[in-house]
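A.B. asks: Structure below; questions to follow.
Throughout, read-outs are computed from the coordinates displayed, never taken from laboratory work. Since this is a predicted model, take the numbers as computed values, not measurements. Using ideal geometry, Cβ is built from the backbone for each residue, glycine included, and neighbour counts are taken over all protein chains shown.
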Amino acid sequence: MRTDQRDPEIRLSDYRVPDYLVRQVDLTFRLAPKTTEVFSRITFYPNPARAKGPADLILNGNGLEIEAVSINGSPLPREALSTGDETLTVAAAHVPQEGFVWEATNTIAPIDNTSLDGLYMSNGMYCTQCEAQGFRKITWFPDRPDVMATYKVRIEGDAPVLLSNGNLVGQGDGWAEWEDPHPKPSYLFALVAGELEAFEDRFTTMEGRDVLLQIWVRPGDLERCEYAMDALKRSMRWDEEVYGREYDLDRFMVVAVDDFNMGAMENKGLNIFNSKYVLASPETATDTDYANIEAIIAHEYFHNWTGNRITCRDWFQLCLKEGLTVYRDQQFSGDMRSHGVKRIEDVIRLRSQQFSEDAGPLAHPVRPEKYIEINNFYTATVYEKGAEIIGMLRGLVGEETWKTALDLYFERHDGEACTIEDWLKVFEDASGRDLSHFGKWYSQAGTPRVRVAEDYQDGTYRLTLSQETRPTPGQPNKEPLVIPVAYGLIGHNGADMESGVLELARAEETFEWTLPEKPRASLMRGFSAPVILEQGLSAAERSFHLAHDVDPFNRWEAGHAHALDLLGRMSQDADVEPEAEYLEALCVVADDPQPDPAFRALALGLPTVQNVISDMAANEMVPDPLAIHEARTRLKKTIAETLGDRPERMYAENAVAGPYTPDATAAGHRALRARCLDFITALDPEAKAAAEQFDAADNMTERVGALTQLVAAGRGEDALARFYEDWRQDRLVMDKWFAVQATATPPEAAVATVERLTGHPDFDWKNPNRLRSLIASFAGGNAAGFHRPDGSGYRLLMDWLIRLDPVNPQTTARLTSLVGNWKIFDGQRQALIRTELERLASLDGLSKDTAEMVGRLLAED
Ligand code: B3K
Ligand code: ZN
């Protein structure tokens, strides 16, 4: 087993400014799959901010040979150099302290790079991924984000298309030269070469500059680029209108690649995307795919200002760019679609990914204080909770100050590598407010719980709010945080008597109002802070909010919270039946023509088994995934019976006429129809309506929705075979074919099905999308199947992680979080998971990525 001793721990408190900065980087690549030659010429100068006296030059390299290296044209003698963990140090005596030119030649083998980090090949195409530390796999460099430089890149190779960051400055037969005038850190470097075609468009910026837009794809995929291009143009306009941010190069390029560890990457001027988040057509992509493409295209584009022009000083500050950029993409999607629905979707995601992270051994602050492998910290906490902090900050300082602060941030820090302190200082300067207490959101891990007590006497209503955060690894004692509580106090006629935002800053505070009647308190409206609210509402009170609250989030929340609580109880006791008030309130939602269909689809939906598992654990109950699955099936049936003919009626009423369009309105109708189909199928073991929809569907949303129902009903065989015949040539669609079977197969058959599919000729496990579509969809999306009491699900997951680790450590490490919540289960399941984790931990040559994750998962509390 690898130990932490072998893998150094990096600490925020050890940060030191670099001794040397870089003015200019000139790179030449001679591309060949086995031996790509890299020539680098780097102009260094001493950092004026460094300590006095001569300093060693420290460069990073990972898996690189020391071939020819020289300073100012003189080759360096061996004794001048020493190597460490991913470092090459040139002793100060050999480094001209006033500045110098470093030159090096090295060779790399992209074809052998299966980690998909650094320069690698995907389907014969060269591409790069450098965030966080992939550039050091390409050439020797001070690979840290506070070293920003301008780049000139020459690419030589057979491929017809040769791309890098910035503007194209020259090209000829077998070569191209690119120049990026904007100083950037090495993690934003990108190179792409291959047989590609461009879907092109143009954009005129607010200052009237003409920008060439290109989406580069493999031949044959051109007709699937239209939506991504449209989303890009809308993102560019939105960033101008809402944040005053204009694009700054002559061209903006997006490249779609099939083999990619995550969603996409914001390289300057040359974004590289997982093809799943670029390519779409009505026949191949679902409404969710379209919404994801819109959000991710926007996210990566928005990074141009929040990430690229203003970057992070060090990787501990990752949330500076990610939290803010997620916040911006969420706002954008809300503006493009519906704010209420978007907020509910974002909270569902936050709770299922971030709250569960916060509740287990992987909990860490939004700004972590130590890491072994930074790639393990691209988490829901850094991203999603990071975005929540920004939303709270905006709410606290108010609209005017928010605008002033953002303008100040862009003006003050453009071209710099910054910290969270710089970010908060901008808000302090703009608001005149001390934000040191608020800043604890960045350093304290864990989800605060807010408890509510009420009292109404002699016309005075008192609301007492108290907060508490449970210990997390390394943080046994928690302090109170500043929690904005958006509220409405609702009178008997359903109207707000009071509304606003309370600031809970101490462990307990009481707020008072003079009111003619005891109100119903609607708290944490819009989910105003990432906390667990413990209000202790009765079924009748929740049903009131579900039917009447003016806040769409709290309206949805009331039903959702009740369903969570009910399913937990039903899973423990087969005699528990849903309350009549709850069922009636669902009928009110179904009959209410007011909210849009997308909202009604959400409000009529049930929490997933995984949601119930996490909720029970948060309330000190031991969840039984299979019992929850059965309770959920039973509840769905009861709701379907109560709704009577409504599902069929709404299913028919919400049919969208005409050809498929991916807009939010049409998608909302389809979402509501999918909800209705779920209820209809719950009462029909033959799943006839699903089979009809499968036959009739002219778009992937409805086809895959029907297929899911058929598979869940155990009637998927024919449809799966037809689907396979129709789409076997299409990688992205085949991912869905695998994912549907992994998630929807009934629990008793799930392990066997997934095991069988791992032997399918199309199960190309080295492709992260395909691996995730089967293994992660199963472990993360089929809780009752995965958590079989015999441990076969755990064994299956671990077999694949063991196989994948030597090939792709980053994706392996990430997938270990599928058992991130293992300590919430019963003793038997815990013992089975522990055995599997230990099996992984004891693997010879385990990657440092996975070793760190497994070490955290197995650490004693
Ligand atoms: N910044 C990249 C993520 C890089 C992940 C490195 N392991 C994508 C994004 O957040 O936009
Ligand atoms: Zn990002």
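A.B. asks: Treat every Asp and Glu Cβ in region 311-443 as -1 and every Lys and Arg Cβ as +1, leave all other atoms uncharged, and give the resulting dipole magnitude about the Cα centre to the nearest 20 debye.
C.D. replies: 360 debye
A.B. asks: Only helical DSSP H runs with n ≥ 4 go in: add -39500 (n - 2.57) per run for the chain, normalise by residue count and round the 222 nm mean residue ellipticity to 500 deg cm²/dmol.
C.D. replies: -12000 deg cm²/dmol
A.B. asks: Moving to a separate point now. With a cut-off of at most 10 other beta carbons within 10 Å, and DSSP calling the residue loop, which GluC sites (Glu not before Pro) in region 593-643 qualify? Please list them.
C.D. replies: Within region 593-643, the qualifying GluC sites (Glu not before Pro) (loop, at most 10 other Cβ atoms within 10 Å) are Glu620.
A.B. asks: Could you give the length gained on full extension between Asp414 and Arg449, defined as 0.36 nm per residue of separation minus the Cα-Cα distance, in nm?
C.D. replies: That pair, Asp414 and Arg449, stretches by 8.8 nm at full extension.
A.B. asks: Next question. Under a 5 Å amide H to amide H cut-off, with H placed in plane at 1.01 Å, what residues pair with Arg251 once short-range neighbours are removed?
C.D. replies: Amide H to amide H, under 5 Å and 5 or more residues apart or across chains, Arg251 pairs with Leu212.
A.B. asks: In region 311-443, if the dipole is taken from +1 on Lys/Arg beta carbons and -1 on Asp/Glu beta carbons about the Cα centre, which of Ala359, Ile374, Gly439 is farthest to the positive end?
C.D. replies: Of Ala359, Ile374, Gly439, it is Ala359.
A.B. asks: Between Cys319, Thr205, Gly536, whose Cα lies farthest towards the positive end of the dipole of the chain when Lys and Arg beta carbons carry +1 and Asp and Glu beta carbons carry -1, centred on the Cα centre?
C.D. replies: Going by the Cα projections, it comes out as Cys319.
A.B. asks: Would you work out the charge dipole size for the chain about its Cα centre, treating the Cβ of every Lys and Arg as +1 and the Cβ of every Asp and Glu as -1, and quote it to the nearest 20 debye?
C.D. replies: 1180 debye
A.B. asks: Can you figure out the FRET efficiency of Ser74 with Asp645, using R₀ = 60 Å and their beta-carbon distance, to the nearest 0.05?
C.D. replies: Efficiency, rounded to the nearest 0.05: 0.10.
A.B. asks: Shape call for region 89-171 from the C-alpha gyration tensor, a ≥ b ≥ c root eigenvalues: rounded (a/c under 1.5), prolate (a/b greater than b/c) or oblate?
C.D. replies: prolate
A.B. asks: I need the calculated FRET efficiency for the pair Asp762 and Glu195, taking r as the beta carbon distance and R₀ as 25 Å, to the nearest 0.05.
C.D. replies: 0.60
A.B. asks: Moving to a separate point now. Counting other C-beta atoms within 10 Å, and keeping those with at most 16, which DSSP coil GluC sites (Glu not before Pro) do you find in region 33-87?
C.D. replies: The qualifying sites are Glu65, Glu67, Glu86.
A.B. asks: Based on the mean of other Cβ atoms within 10 Å per residue, sort peptides 430-436, 612-618 so the most packed one is first.
C.D. replies: The packing order, highest mean first, is 612-618, 430-436.
A.B. asks: Does the chain come out rounded, prolate or oblate by the C-alpha gyration tensor, with a ≥ b ≥ c the root eigenvalues, rounded set by a/c under 1.5 and, if not, prolate when a/b is larger than b/c and oblate if not?
C.D. replies: Judged from the Cα gyration tensor, the chain comes out prolate (a/c at least 1.5, a/b above b/c).
A.B. asks: Placing +1 on the Cβ of each Lys and Arg and -1 on the Cβ of each Asp and Glu in the chain, which of Ala776, Phe39, Gly386 has its Cα farthest towards the positive end of the resulting dipole?
C.D. replies: Positive-end residue among those listed: Phe39.
A.B. asks: To the nearest 20 debye, what charge dipole does region 491-537 have about its Cα centre, counting +1 at the Cβ of each Lys and Arg and -1 at the Cβ of each Asp and Glu?
C.D. replies: 160 debye
A.B. asks: I've got another one for you. Under a point spin-label approximation (7 Å from Cα along Cα-to-Cβ), what is the Ala752-Lys52 distance to one decimal in nm?
C.D. replies: Taking the two extended label points, one gets 7.9 nm.
A.B. asks: Also, quick follow-up: Sorted from largest down, what three extents in whole angstroms do the Cα atoms of region 311-443 have along their principal axes?
C.D. replies: 38, 38, 27
A.B. asks: Among DSSP beta bridges whose residues both lie in the chain, state the antiparallel percentage, nearest 5.
C.D. replies: 80 percent
A.B. asks: Let me ask something additional. Among the GluC sites (Glu not before Pro) in region 538-619, which ones are in a DSSP loop with at most 10 other Cβ atoms within 10 Å of the Cβ? Mind listing them?
C.D. replies: none
A.B. asks: If you don't mind, another one. Is the shape of region 18-99 best called rounded, prolate or oblate, per the rule: a/c under 1.5 gives rounded, else a/b larger than b/c gives prolate, else oblate, with a ≥ b ≥ c the square roots of the Cα gyration tensor eigenvalues?
C.D. replies: prolate
A.B. asks: May I pose another question? What is the distance, in nm, between label points placed 7 Å from the Cα along the Cα-to-Cβ direction at Thr107 and at Glu400?
C.D. replies: The modelled label-to-label distance comes out at 6.7 nm.
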